[in-house]
Amino acid sequence: MDCWTSSFELRKHVFDSLKELNITPSSQRGQNFLIDSKIINFQVNQADIQSKDVILEIGGGIGNLSKCLASRAKKLIIIEQDKRMANFLTSFLKDFTNVEIIQGDAVKVDLPRFNKCISNLPYQISSPITFKLLEHTFDLAVLMYQREFADRFFAKPGTKDYSRISVMINSKANCKNLKTVKPTSFYPQPKIFSSIVSITRKEEVNIENYDSFSAFVRLLFTNKKKTVRTILLNIIKRMEKRDLAVERSILDSLQFMDRRVFTMSLEELVQFHKHIKKRIGEELWLNIISPNMK
Ligand code: SAM
């Protein structure tokens, strides 16, 4: 059964709640609330919530999605930064004994255990929160992003949207673009379109030393238009004891030398990382790359 029976009912909830709170939504905090019942019902259906699911919602706002999640899941944990909204959620959801509300910045707080993350994200934290989610194991995420940001998940090497997040998300997860959402589905209306994306973790990630790979990709993509040779020379310059023979063997041994970073596929980057680590030696490599590791 649908969670909201009509957009009229949903809009009434949004406008009445904002009036009660006496709040003007803050664009800096991404406070754009869904007023289209079809979109929320769609997200809830896509989440395929089972009675065993522990759901994480980032940015509960005034509870228009939270209510639907709480009534279906075993547990719902909401992280909401705005204190007034966190307090509002506590009273709005008081009849649900399976709800936990954490008031704080989702980028900074330790994420609790969850198996699904269903959220209309505040767009200004899209990048850090996606990287943070990828550090956790979970079954499914159904997330709303700014459309241009979500497009990067599906960007092919060599295109302008291809970036660090394209590589990293595809190294750990399978993504599907589920729906484009118009600005009119929100109050207040944002200037941009949005996309709902589903993310499922890949069962096996065949990357040696993932932290080192992640740091390597970060380093490469700070200069994604440069050639691999230029970046590699910069890396070599950081080596404490430089050995010309080793340097030459590194530079001569890589087939990708004249490629620009943003043209390299995930598979090529994995191969490149494995190769360079072997050439330089694991210990020395980790010394070089560690400033870029979190
Ligand atoms: N869940 C509601 C909905 O679907 O309409 C509201 C979503 S609204 C796009 C984003 C919410 O995230 C706002 O309530 C905002 O206060 C909250 N928020 C903004 N920055 C945050 C952060 N760093 N951590 C947690 N919540 C945040």
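The values are calculated or read from the model by the stated rules, or taken from the named source; none is laboratory data. All of these numbers come straight from a predicted model, not from anything done at the bench. A quick note on method: Cβ atoms are made from the backbone with ideal geometry, for glycine too, and the neighbour counts reach across all protein chains shown. What goes into the accessible areas is simple: the full protein's heavy atoms, side chains included, and nothing from ligands, DNA or RNA. Shrake-Rupley method; radii C 1.70, N 1.55, O 1.52, S 1.80 Å.
Multiplying the sequence separation of residue 174 and residue 200 by 0.36 nm and subtracting their Cα-Cα distance, what value in nm do you get? Each step should come with its number before you reach the end.
Numbers: separation 26, 0.36 × 26 = 9.36 nm, distance 0.53 nm.
That works out to 8.8 nm of additional length.
Simple point charges give the picture: +1 on the Cβ of Lys and Arg, -1 on the Cβ of Asp and Glu, and for the range 7-201 a dipole about the Cα centre of about 340 debye. Placing pseudo-labels 7 Å out from each Cα toward the beta carbon at residue 8 and residue 283 gives an inter-label distance of 7.5 nm.
Rounded to the nearest 0.05, what FRET efficiency do residue 274 and residue 160 give with R0 = 41 Å and r taken as the Cβ-Cβ distance? Could you check?
With R0 = 41 Å, the Cβ-Cβ based efficiency is 0.90.
Normalised by the number of residues in the range 161-246, the mean separation of alpha-carbon contacts (under 8 Å, six or more apart) gives a relative contact order of 26 percent. Classify the range 22-140 as rounded, prolate or oblate, taking a ≥ b ≥ c as the square roots of the eigenvalues of its Cα gyration tensor: rounded when a/c is under 1.5, otherwise prolate if a/b is larger than b/c and oblate if not. Because its axes are fairly even, with a/c under 1.5, the range 22-140 counts as rounded.
The label-point distance for residue 127 and residue 87, in a model that sets each label 7 Å from Cα toward Cβ, rounds to 3.4 nm. Dividing the alpha-carbon radius of gyration of the range 22-85 by the rule-of-thumb value 2.2 N^0.38 Å gives 1.17. Taking a sphere under 12 Å around the Cβ of residue 82 and counting the other residues whose Cβ falls inside, with K and R at +1 and D and E at -1, yields a net charge of +1. Simple spin-label estimate for residue 208 and residue 71 gives 5.3 nm between the two label positions (7 Å along the Cα-to-Cβ direction from each Cα).
Where only protein heavy atoms count, and the probe is 1.4 Å, what is the accessible area per residue for the range 168-294 in Å²? Can you show the working numbers first?
On the way: 7120 Å² over 127 residues.
Result: 56 Å² of accessible area for each residue.
A straight line joining the Cα centroids of the range 199-253 and the range 115-186 runs 25 Å.
Classify the range 1-43: rounded, prolate or oblate, from the alpha-carbon gyration tensor (a ≥ b ≥ c, eigenvalue square roots; a/c under 1.5 rounded; otherwise prolate if a/b is larger than b/c)?
Verdict is oblate for the range 1-43.
Using all pairs of distinct alpha-carbon atoms, the Kirkwood hydrodynamic radius of the chain works out to 20.9 angstrom.
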